[in-house]
Every structure is written in C-alpha cells, then in structure tokens.
Amino acid sequence: MLVAGIDIGSGTTKCVLVDEAGAVRGRGQAKTRADFEKVAREAVGLALEAAGHGDAIGYTATTGLGRYALPFRDIQITDLTCGARGAATACPDARFVLDIGAQCSRAIRLREGGKVKEFHMNEKCAAGSGGFLERAAKYLEVAVADIGPLSLRAARPQAISSVCAVLAETEIINHVSEGVTVENILRGIHDSLADRALSLLKRVGLDGPVAFIGGVARQEGMVVALREKLAVPVHVPEGPQFAAALGAALLGRQRFLKRVRRAAA
C-alpha cells in the first residue's frame with residue numbers, strides 16, 4: 001500500500017508516493033490551477049504512473065497553500081513541517097533548510113528528527129522569491145529553464161539592489177537599456193536572492209550545512225551564488241521541488257502505520 005504526499009504550491013502541485021518502508025516509489029507534478037482538486041489528481045496520476053501502480057493509495061497527506069482544498073485527504077500538515085522533514089531526509093547532514101518557492105522564501109533551523117526548531121520567512125515582496133525570476137525571464141525573453149545555465153556564463157554580474165520587486169524590475173530595465181548582457185543581469189538577480197537568503201539564515205543562527213529546496217534550487221546559477229555567499233556547505237537534493245511533498249508522504253506514513261497498528265490491536 002502506498003502513501004501519497006501532495007504539496008499544492010502557488011506555482012506547481014507535486015505528489016510523492018512512498019511505500020510502507022518509506023521508500024519513494026513515484027513522483028509527479030503539474031502546474032497549479034484554480035481547481036486544486038483536479039490538478040492534485042493529475043499529479044497523483046503521474047506519480048502512480050511513475051510507480052507502475054494502479055489506484056493503490058492507502059493514505060493521503062496534503063501540504064502547501066491548497067492543503068485544505070482536497071476532500072480525499074486523510075490529514076493536512078503545514079508546509080514548514082513537511083519541508084523540514086523532507087529536506088532532512090534527503091540531506092541528513094543538513095542543520096538548516098533554505099526553501100525558495102514561487103511566492104516566498106523561508107529559512108529553517110532543524111532539530112533532531114527533521115523537526116523545525118526556528119524559522120523566518122520573507123513573504124512581503126516577490127523580489128525574494130522564484131516568481132520574480134519568472135517575471136525577469138519573461139521580460140528578458142528567456143525560458144525559465146535557461147536561467148541557471150545563462151547565469152553561470154556571467155562575466156560581470158550586475159547587482160539588483162532594490163528589495164521591492166517593482167523597483168527591481170526598473171533596475172533590470174535600466175541595465176538592458178545600458179547594454180548589460182542577459183547573463184550578467186541574471187547572475188545579478190541570483191546574487192540578490194542569495195543576499196536575502198543569507199539574511200534570513202542568519203536570523204535562525206546559520207552555522208552549518210544547508211539543504212536548499214524549492215523550485216529555485218533547480219537553477220545551477222542560484223546554487224553557485226548561494227555557495228559563494230553562505231560560506232557553508234549547500235546541499236541540493238534530487239528533485240528539490242519535491243521536498244515538501246516527500247515530507248508530507250513520510251509524515252503521512254507515520255500516521256498510516258499507527259492506524260494499522262491500532263486496527264490490529
């Protein structure tokens with residue numbers, strides 16, 4: 001029997017399936033749309049297809065902004081809790097978690113067992129999130145998938161100093177008008193995000209290895225910028241965007257096994 005962890009994020013909806021031993025059996029994702037239930041079932045279907053299973057899900061845990069919206073859920077868990085558990089499982093050496101998603105960034109200090117000891121979030125402005133990178137890519141006429149490789153090719157990164165997304169976009173426009181290359185602008189954006197990440201992590205007492213999760217962690221240029229800024233090991237798990245869904249699945253598995261044991265008693 002499989003346990004599903006579903007993370008309904010603002011950008012994408014992810015599903016991770018684990019078996020009773022806690023091993024990952026399948027993953028799937030779909031672009032988040034207004035009909036949360038429909039897009040969640042789409043992600044689950046893709047995960048089941050990857051797992052080579054039929055409809056064999058015994059327990060479902062949800063997380064993310066739409067975690068209350070799924071009528072077929074067994075439990076809902078906060079994305080902070082799930083992200084911490086998933087990151088700690090995928091990167092056992094990590095003592096901190098940096099999660100940069102489409103709408104916000106968060107820094108987490110871990111305690112034993114992948115639990116949250118302390119956290120800080122940046123939700124006030126999109127300039128500290130992946131959504132800003134998406135808008136910048138649209139303005140610069142590059143694919144989001146190309147942001148990471150292009151950033152690595154920068155020779156003279158141009159700093160984006162504004163903490164406001166609107167003003168930061170104005171800076172980008174000014175750089176373009178001055179003939180600054182796309183590569184240098186993108187690396188400047190990554191450096192700016194890394195500065196914000198460092199500030200958040202310092203607030204939770206950064207002094208050890210960091211697990212970097214969320215969709216932005218797939219961008220190689222961002223990973224390089226972070227490693228240069230943080231001066232501590234930065235670990236990126238395979239499929240970093242699935243970390244919260246993995247955590248939800250593992251926490252759901254614990255509840256599922258308790259239910260099974262109670263039924264057998």
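So here's what we get for this one:
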| item | result |
| --- | --- |
| Some residue of region 150-159 being of a type outside the set (Ser, Thr, Tyr) and either open to solvent by less than 20 Å² (accessible area, probe 1.4 Å) or closer than 23 Å to Val3 by Cβ (or both) | no |
| Selection within region 195-222 - buried (at least 21 other Cβ atoms within 10 Å of the Cβ) and over 22 Å from Gly114 (Cα atoms) | Gln219, Gly221, Met222 |
| Residue among Asp79, Asp7 that is at pLDDT 95 or above, open to solvent by less than 50 Å² (accessible area, probe 1.4 Å) and within 15 Å of the chain's Cα centre (by Cα) | Asp7 |
| Of all residues making up region 169-197, the number that are touching a Leu at 6+ places or on another chain (Cβ under 6 Å) and without any contact (Cβ under 8 Å) to a residue 40 or more places away in the chain | 2 |
| Subset of region 231-255 [open to solvent by less than 10 Å² (accessible area, probe 1.4 Å) and over 17 Å from the mean Cα position of the chain (by Cα)] | Gly252 |
| Where a residue in region 34-48 is among the aliphatic types (A, V, I, L, M) and its partner, wherever it lies, is open to solvent by 80 Å² or more (accessible area, probe 1.4 Å) and at pLDDT 95 or above, with Cβ under 6 Å and at least six apart | Ala47/Arg27 |
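Residue-wise test of (1) surrounded by fewer than 19 Cβ atoms within 10 Å (Cβ to Cβ); (2) under 22 Å from Ile213 (Cα atoms); (3) not aromatic (Phe, Trp, Tyr).
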position	(1), (2), (3)
Gly58	yes, no, yes
Pro71	yes, no, yes
Ala90	no, yes, yes
Lys115	yes, yes, yes
Arg135	yes, yes, yes
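The values are calculated or read from the model by the stated rules, or taken from the named source; none is laboratory data. Here the structure is a predicted model, which is why all the values come from computation and not from measurement. Neighbour counts are summed over all protein chains in view; Cβ atoms, including those assigned to glycine, are modelled from backbone coordinates with ideal geometry. These area figures cover heavy atoms from the full protein model, side chains too; ligands, DNA and RNA do not enter into them. Shrake-Rupley method; radii C 1.70, N 1.55, O 1.52, S 1.80 Å.
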